[in-house]
1. Mind checking whether some residue in the stretch 88-110 is farther than 17 Å from Leu13 by Cα, away from the ligand (no atom under 16 Å from the Cβ) and without any contact (Cβ under 8 Å) to a residue 60 or more places away in the chain?
2. Assess whether Thr76 counts as being hydroxyl-bearing (Ser, Thr, Tyr), more than 20 Å from Gln110 (Cβ to Cβ) and in contact with an Asp or Glu (Cβ under 9 Å, 6 or more places away or on another chain).
3. Any idea which residue in the stretch 18-39 is nearest to the ligand (Cβ to nearest atom), counting only those that are touching an Asp or Glu at 6+ places or on another chain (Cβ under 9 Å) and not β-branched (Val, Ile, Thr)?
4. Given the options Leu98, Leu80, name the one that is closer than 20 Å to Gly63 by Cβ, buried (at least 17 other Cβ atoms within 10 Å of the Cβ) and in contact with a Lys or Arg (Cβ under 9 Å, 6 or more places away or on another chain).
5. Please state which one of Gln42, Gln75 is more than 15 Å from the chain's Cα centre (by Cα) and either surrounded by 16 or more Cβ atoms within 10 Å (Cβ to Cβ) or more than 16 Å from the ligand (Cβ to nearest atom) (or both).
6. In the stretch 102-124, which residues are assigned to a loop (DSSP other than H, G, I, E, B), modelled with pLDDT of 80 or more and crowded, with 17+ Cβ neighbours inside 10 Å?
7. Within the stretch 9-39, which residues are surrounded by fewer than 13 Cβ atoms within 10 Å (Cβ to Cβ) and under 17 Å from Pro122 (Cα atoms)?
8. Restricting attention to the stretch 72-101, which residues are aliphatic (A, V, I, L, M), more than 18 Å from Gln23 (Cα to Cα) and outside any strand (DSSP E or B)?
Amino acid sequence: MSGGVSGAPPRVLCRLEEIADGQAKGFDLGDDAIFVVRAGRQVYAYRNACPHTGGPLDWDDEGFMSDSGEHILCQTHGALFRIDTGACLAGPCLGDCLATVAVALDGHDQVVLTQVKGVEVPAT
Ligand code: FES
C-alpha cells in the first residue's frame, strides 16, 4: 500500500531529457531548494543543503557534480556524496548524508515529486 492520496497530482519537475545523463539540475520549490541527479533512467533527488554547514552545494554555479561525474560534489569545501544514496564519502561531513527527496519517473518520462509536504502522491 503506497499511502497515496487520491486526487493529489504529482508535482512535475521536468522531463527526463532536460537533465543530461550523469548530470544534475536544481529546482526552487519556493519553500525548499532541491536537485535531481540523473543516472540513465534512474533519478535521485536531495535537498540542496550540505550536511556540513547547511549551505547550498552549488553556491558558485558550478553545478552539483564532480569533474568525473561519479559523485555529487559540494562546491564549498569539496565534500563528495554517493549519487544513489546521498551518503558523504569524503570531506568534512564524512558519514553524514544528504536529505533525500522522493522523486520518480512517471509514464511520460517526467520527473515528478512523489511526496509533497510529507504526503505521498502517485507517480503515474
Ligand atoms: S559546506 Fe559542503 S563541504 Fe562544507
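1. If we filter the stretch 88-110 for residues that are farther than 17 Å from Leu13 by Cα, which is where we start, we get 88-99.
Going one step further and asking which of them are away from the ligand (no atom under 16 Å from the Cβ), we end up with none.
Within the stretch 88-110 (the criterion being farther than 17 Å from Leu13 by Cα, away from the ligand (no atom under 16 Å from the Cβ) and without any contact (Cβ under 8 Å) to a residue 60 or more places away in the chain), the answer is no, since none of the residues qualifies.
2. Working: hydroxyl-bearing (Ser, Thr, Tyr): yes; more than 20 Å from Gln110 (Cβ to Cβ): yes; in contact with an Asp or Glu (Cβ under 9 Å, 6 or more places away or on another chain): yes.
Here the answer is yes, as Thr76 does meet what is asked.
3. By that ranking, first place goes to Phe35.
4. On the way: Leu80 fails: in contact with a Lys or Arg (Cβ under 9 Å, 6 or more places away or on another chain).
Checking each option against the conditions leaves just Leu98.
5. Working: Gln42 fails: more than 15 Å from the chain's Cα centre (by Cα).
Unique residue meeting the criteria: Gln75.
6. Looking only at the stretch 102-124, we keep the residues that are assigned to a loop (DSSP other than H, G, I, E, B), and these are 102, 106-109, 114, 117-118, 121-124.
Filter once more, keeping what is modelled with pLDDT of 80 or more: 102, 106-109, 114.
Passing the criteria: only Thr114.
7. Pro9, Val12, Arg15 - these are the residues of the stretch 9-39 that are surrounded by fewer than 13 Cβ atoms within 10 Å (Cβ to Cβ) and under 17 Å from Pro122 (Cα atoms).
8. Residues of the stretch 72-101 that are aliphatic (A, V, I, L, M), as a first pass: 72-73, 79-80, 83, 87, 89-90, 94, 98-99, 101.
Now restrict to residues that are more than 18 Å from Gln23 (Cα to Cα): 89-90, 94, 99.
Correct list: Leu94, Ala99.
The values are calculated or read from the model by the stated rules, or taken from the named source; none is laboratory data. Just so we're clear, the structure is a prediction, and the values are computed from it rather than from any experiment. Positions of Cβ are generated from backbone atoms using ideal geometry, with glycine treated the same way; all protein chains shown enter the neighbour counts.
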